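> Quick one: the structure is below, and I'll ask about it shortly.
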Amino acid sequence: MASIFGHSIVGFTLAKVIDIRHVKLLVFFAIGSAILPDVDVVAFILDIPYTHPLGHRGFSHSIVFALLWALFLMFTIGKRNKRTWFWVIFLATLSHGVLDAMTSGGKGVGFFIPFSEERFFFPFREIKVSPIGIKDFLSNWGLQVIYSELKFVFIPCFFVFLVQYFVVHYNKR
Ligand SMILES: [Zn+2]
């Protein structure tokens with residue numbers, strides 16, 4: 001994983017940029033959805049191997065999972081604004097695997113599970129992989145994670161906000 005902060009900020013940005021009405025519930029679910037795929041760390045407790053389709057960075061990090069989760073929320077909580085809910089949740093959930101595929105450690109992401117068990121990384125892997133425990137996070141390792149995410153996650157997100165701000169502002173004139 002990238003850190004919980006890195007994933008959250010991407011979910012937050014997607015919700016704010018796509019849903020111009022800034023519905024709070026959607027922002028909340030977008031952040032949650034960007035973190036959600038890592039529930040699969042229970043695989044370690046259940047002794048499911050990392051490389052198994054249900055292992056860490058497996059099915060819950062796949063495109064199919066993002067699609068099913070987005071459809072589920074769209075037809076339940078997001079009923080009144082289906083299209084926005086679908087795109088925000090789908091992209092927020094998928095963004096998790098995308099960030100993971102840019103991290104420096106662990107195994108690749110199973111984007112195409114259940115169709116292919118292959119694990120992927122992008123050629124760009126500058127985001128330091130985040131430790132899973134709190135104790136490791138409060139170490140030098142944690143600092144390196146924060147620094148790499150500042151550069152490659154927070155600043156790009158900030159830039160997206162900036163562009164959006166000027167586009168909206170310009171259109172109002
Ligand atoms: Zn992950």
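> Restricted to the stretch 69-107, and to residues that are within 16 Å of the ligand (Cβ to nearest atom) and of a type in the set (V, I, T), which residue is surrounded by the most Cβ atoms within 10 Å (Cβ to Cβ)?
T93
> Select from the stretch 101-120 the residues that are more than 15 Å from the chain's Cα centre (by Cα), of a type outside the set (K, R) and assigned to a loop (DSSP other than H, G, I, E, B) and list them in ascending order.
Correct list: S104, G105, G106, F112, I113, P114, F115, S116, E117, E118.
> What's the total number of residues in the stretch 121-141 that are free of Cβ contacts under 8 Å to residues at least 12 places away in the same chain and either outside any loop (DSSP other than H, G, I, E, B) or surrounded by 16 or more Cβ atoms within 10 Å (Cβ to Cβ) (or both)?
Residues meeting the conditions: 4.
> Can you confirm whether G106 is modelled with pLDDT under 90 and on the phi > 0 side of the Ramachandran plot?
In short, yes.
> So the check is Cβ under 6 Å with 6+ separation or different chains; which pairs have a first residue in the stretch 19-36 that's within 13 Å of L91 (Cβ to Cβ) and a second one that's assigned to a helix (DSSP H, G or I) and open to solvent by 50 Å² or more (accessible area, probe 1.4 Å)?
I31/F12
> State yes or no: is N171 under 25 Å from F44 (Cβ atoms) and either open to solvent by 90 Å² or more (accessible area, probe 1.4 Å) or among the charged types (D, E, K, R) (or both)?
Numbers: under 25 Å from F44 (Cβ atoms): no; either open to solvent by 90 Å² or more (accessible area, probe 1.4 Å) or among the charged types (D, E, K, R) (or both): yes.
Considered against the rule, which asks whether it is under 25 Å from F44 (Cβ atoms) and either open to solvent by 90 Å² or more (accessible area, probe 1.4 Å) or among the charged types (D, E, K, R) (or both), N171 comes out as no.
> For the list (1) assigned to a loop (DSSP other than H, G, I, E, B); (2) surrounded by fewer than 17 Cβ atoms within 10 Å (Cβ to Cβ), I need the number of the one condition that Q144 fails.
Here Q144 meets the rest and fails (1).
The values are calculated or read from the model by the stated rules, or taken from the named source; none is laboratory data. Because the structure is predicted, anything quoted here is derived from the model rather than measured. Quick reminder, even Gly has a Cβ in these numbers, built from the backbone with ideal geometry, and neighbours come from all protein chains shown. In case anyone asks, the SASA skips ligands and DNA or RNA and just uses the protein heavy atoms, side chains included. Shrake-Rupley method; radii C 1.70, N 1.55, O 1.52, S 1.80 Å.
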